[in-house]
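Written out below as structure tokens is the structure these notes cover.
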Amino acid sequence: MARVDLRIEGLDCAEEVRALRAAMEPLEGVASLDFDILNAKMSVEWIEDSPDLDAIAAAVAGTGMRASPWRDEGVGERQSLWSRHGRLIMTCVSGIACAAALALQLADLLTARTALCAVAIVSGGWFVFPRAVTSARRLRLDMNFLMTVAVISAAVIGEWFEASTVAFLFSLALLLESWSISRARRAVRALMDLSPPTAHVVCPRDGDISDRPVAEVGVGETVIVRPGERFPLDGVVTRGTSAVNQAPITGESAPVDRVEGDEVFAGSINGHGALEIRVTREADDTLLARMAHLVQESHRRRGQVEQWTDRFARIYTPAMIALSVVIMLVGPLLGGEWSAWFYRGLVVLVIACPCALVISTPVTVVAGLASAARRGVLIKGGLFLETPAHLRAMAIDKTGTLTLGAPRVQEVIPLNGHTRAELLERAAALEAHSEHPLARAVVACAESEGLTPSPASSHRALPGRGAEGDIAGQRFWIGSHRLLAVKTEVTDEVLAHAESLEDAGHSVVLVGNEQHVCGLISVADAVREEAAEMVAALHRAGVRRVVMLTGDNAATAQAIARETGVDEVRAGLLPEEKVEVIERLLAEHGRVAMVGDGVNDAPAMARATVGIAMGAAGTDAAIETADIALMADDLSALPWLVHHSRRALRTLRQNIGFALGIKLIFLALAVPGCATLWMAIAADMGASLAVIFNGMRLLRG
């Protein structure tokens, strides 16, 4: 038994998978097939030790695609300009030719118009016609065949501009689908790029440090991570103390202190102190690598969804062709004139020409996507334009989504005769040189109130606890509860204030001197102004359950929940646990959206029915993984999106129903000979124009 992995150029959706299966399964020696749409990869299990690569390549070529040996490099680095942008080039050529043909038609230059329409048809169908031939040869009539029949039928009866329009719009729809898959492919690579390619490995014999690729570092080896560097692998701290920014992985809104024995994750950012860590997982098994795998698996599952238009095409097109043939043959056999019944069969073929049906979906989808883009909502394809209409539950990340993602001073409580200004001045002087986010929040608050104190002298950092220094000849300190217990006696008043602030989800910073505690400053991530109204609007729109997910502690999460009105809170979650929550919601509600802004949200967004990213502040990986991005970071766009999706879905159904209804009426008139060929042409053109104008109404927002 042998396994061969191949990259398949042109593998973008489930229809290509079906075509490849139909071509590969008859080959002698094929034991099993596996497809990864996200990475355009086909894996073949071969019964014998030496796979017949020539036979495999020939079978793939017969589908209109091309196979090449698989390599681990990214797709984009090895593809030619034509492979990467050929579909875009041909779609643009088709659109330009259509526009020019319309201009010539208005100028009554019919010969030149026909030539331009032919160019638009050829370029628009460049990637479609070969697959239509393949589907016809294998008797698996799909949307490619449906579109080809529409174009040929329109051209045969002289409707060249209609034929070119169908070719262009269908090519545009396929371009959007291909673009969405390409963005998803880049998303996985964006996840893995968070981890540095090399690690500073400590030699156990002499203590020398050497840089080695992370793939060559084994479990149990010791790695040094310097200040400001990203962790290359998962591990446990064996020496040193530092604040670690785990937001890219866990979504925690503030850095966490890491001391000996604490776990750290690849992709996290080290703070002020160097750390030695003992590697606990190899490069392909880190939390970051598993996140990338989750994204890949979820997109693969989504790629298997079969579109309704494809299923309908397998029934509609052969049924109409069969009906036309039956009319042409049965009438004369029953004593009718051959010419009359042949004409009636031709009328049925023209009526059956699915131009309006084919145009109805892409026009509506493009209009809906363009309208959403003007609203600051980037939707990556027609499937994700329709999906929000059916949402019954929505999971929303806390940090950077419901909140602003940056800590701010919330309360300043002076004690023991000190004023607010004195407390902020002392705190800002002690934190002047610190890069810790809580310290920066304190300094920013002091500056916003017009206070510009000089940095404290004889400053000394107290790792994991705070700092101390001299201000106007007196020793002051700033820090957490751990420092409070060392510096002064804890009073009931201080404890009451601290517990109250912590219950509200705030991080508490205490300022004191050698005699007493001068006061408390609370810092927390601020809730977005529109968050509470957004949750209420989602409920009014029919979203039954709004769930907040976060890697933060339960107290902070509950405080945000009370302020925003969400239905449920899940706190302290790792990326894998967020995926588990999404899977539970899917089981309970059927269709679920996940809204987030960080890399840690990417697996959950990929697993949800639809993933929505905060575009302006979101990470590249989250935006790439998401199906929809809110480019203005406006949460009010979420309920708007649900309503817009329902409007688009209603328009799609209206267009399809109208197109099919017109055809049914004229089919009923054609059989008894009440409809003429010109009536059929007029009806088909009228239906096409009607669905175009109806779809374009979505541009009004």
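The values are calculated or read from the model by the stated rules, or taken from the named source; none is laboratory data. The structure presented is a predicted model; accordingly, all values stated were derived computationally and were not measured. Glycine gets a Cβ as well: all are built from the backbone with ideal geometry, and neighbour counts include every protein chain shown.
This table checks each residue for (1) under 20 Å from LEU404 (Cβ atoms); (2) of a type in the set (D, E, K, R).
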{"residue": "ALA559", "(1), (2)": "yes, no"}
{"residue": "GLU563", "(1), (2)": "yes, yes"}
{"residue": "VAL579", "(1), (2)": "no, no"}
{"residue": "ALA608", "(1), (2)": "no, no"}
Of (1) part of a helix (DSSP H, G or I); (2) at pLDDT below 75; (3) not assigned by TED's automatic domain parsing to the domain that holds ALA608, GLU306 satisfies every one except (1)
Out of all the residues in region 84-115, which are among the hydroxyl-bearing types (Ser, Thr, Tyr) and loosely packed, with under 14 Cβ neighbours inside 10 Å?
-> THR111
Looking at (1) under 25 Å from GLY695 (Cα atoms); (2) out of contact with any helix residue (DSSP H, G or I) (no Cβ under 8 Å at 6 or more places or on another chain); (3) modelled with pLDDT of 90 or more; (4) of a type in the set (Gly, Ala, Ser), which is the one condition that is false for SER645?
-> (2)
Kindly list, by first and then second residue, each pair from a residue in region 507-522 that is touching a residue at least 24 places away in the same chain (Cβ under 8 Å) to a residue that is crowded, with 21+ Cβ neighbours inside 10 Å and part of a loop (DSSP other than H, G, I, E, B), limited to pairs with Cβ atoms under 6 Å and residues at least 6 apart or on different chains.
-> SER522/HIS506
Just one of LEU404, LEU391, LEU423, LEU415 is modelled with pLDDT of 85 or more, out of contact with any helix residue (DSSP H, G or I) (no Cβ under 9 Å at 6 or more places or on another chain) and among the aliphatic types (A, V, I, L, M); which is it?
-> LEU423
Look at LEU104 and say whether it is assigned to a strand (DSSP E or B) and modelled with pLDDT of 75 or more.
-> no
Tell me, which helices (runs of 4 or more DSSP H) lie completely within region 376-488 with 2 or more residues that are in contact (Cβ under 8 Å) with a residue 12 or more places away in the chain and closer than 30 Å to VAL581 by Cβ?
-> 382-386, 437-448
Are any of the residues in region 541-555 buried (at least 17 other Cβ atoms within 10 Å of the Cβ) and closer than 30 Å to LEU415 by Cα?
-> yes
Taking SER210 as meeting all but one of (1) among the hydroxyl-bearing types (Ser, Thr, Tyr); (2) at pLDDT 80 or above; (3) assigned to a helix (DSSP H, G or I), write down the number of the exception.
-> (3)
Residue check for LEU677: surrounded by fewer than 17 Cβ atoms within 10 Å (Cβ to Cβ) and at pLDDT below 85 | yes
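Results for (1) touching a Lys or Arg at 6+ places or on another chain (Cβ under 8 Å); (2) modelled with pLDDT under 80, shown as yes or no for each residue.
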residue	(1), (2)
ALA456	no, no
PRO463	no, yes
LEU483	yes, yes
LYS487	no, yes
ALA496	no, no
HIS506	no, yes
VAL517	no, no
GLY542	yes, no
ASP552	yes, yes
Tell me which residues, restricted to region 680-701, are at pLDDT 70 or above and either closer than 17 Å to SER339 by Cβ or surrounded by 17 or more Cβ atoms within 10 Å (Cβ to Cβ) (or both).
-> ALA683, ALA687, ALA690, VAL691, ILE692, ASN694, GLY695, LEU698
Evaluate the following for GLY273: is it at pLDDT 70 or above and assigned to a helix (DSSP H, G or I)?
-> no
Looking at region 584-601, is at least one residue surrounded by fewer than 24 Cβ atoms within 10 Å (Cβ to Cβ) and assigned to a strand (DSSP E or B)?
-> no
Residue check, VAL264 modelled with pLDDT of 90 or more and out of contact with any Pro (no Cβ under 7 Å at 6 or more places or on another chain) | no
Residue hits (region 628-657; closer than 20 Å to ARG540 by Cβ and not aliphatic (A, V, I, L, M)) are ASP634, SER636, PRO639, TRP640, HIS643, HIS644, SER645, ARG646, ARG647, ARG650
Quick one: in region 210-226, of everything that is in contact (Cβ under 8 Å) with a residue 12 or more places away in the chain and exposed (fewer than 14 other Cβ atoms within 10 Å of the Cβ), which residue is nearest to the chain's Cα centre (by Cα)?
-> ALA215
Tell me, please, whether a residue that is part of a loop (DSSP other than H, G, I, E, B), at pLDDT 75 or above and among the small types (Gly, Ala, Ser) can be found in region 618-635.
-> yes
